[in-house]
Amino acid sequence: MRVSKHFLFVLLLTCQSCLAESLEQGPARLVETDDSLCLAHGGKLVSVQLTDAATILQEGPVEVWVDRWFMQVQTADHTRHILTAEEPEKELGCSHSLAGPQHWTLSTIKRLPVAGAPFRKESP
C-alpha cells in the first residue's frame, strides 16, 4: 500500500508541473513592469500580454480569464480580457496597493475564432 501512495504522489506532482508548463508556454502571460505610481507604493505594474510567438502568428484574438488575489486571499474579481495583435497588452494594476499586496493568476486562456472564419470546435 505504501508503494501505491508514493506512486500517486509522484503522478500528481508530474501532472501539476505539466499544467504549469502549458500555461507558461501559452499565448498569454503575466508581466511586471516599472511604473511611477506603483513604485511609489513599493510595487510594480502587472499586465497580461500576448507572448511574442502569439503576436507574430496573429492567429486571431485570445481570451484570457484572470483571477485577482489580495493579501493572499482570492477575491471575487474574475475578469475577461481579449488580446489581439493590435492590442496585445492589458494593464491589471499594481502589485502592491495602499492596503496591501495583491497578485493575479491566469485562469483560462483560449483562442477565439477569427472574424469571418467558420467556427471550429476545439478538441479537448
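Consider region 21-64 and keep the residues that are modelled with pLDDT of 90 or more and charged (D, E, K, R). The one that is nearest to residue 94 (Cα to Cα) is 44. Would you point out the residue of region 55-114, among those that are surrounded by 13 or more Cβ atoms within 10 Å (Cβ to Cβ) and of a type in the set (Gly, Ala, Ser), that is nearest to residue 44 (Cα to Cα)? By that ranking, first place goes to 95.
For region 66-106, the set of residues classified as at pLDDT below 95 and acidic (Asp, Glu) consists of 77, 86, 87, 89, listed by residue number.
The values are calculated or read from the model by the stated rules, or taken from the named source; none is laboratory data. Keep in mind that what you see is a predicted model, and the values were worked out from it rather than measured. Positions of Cβ are backbone-derived with ideal geometry, glycine not excepted, and every protein chain shown enters the neighbour counts.
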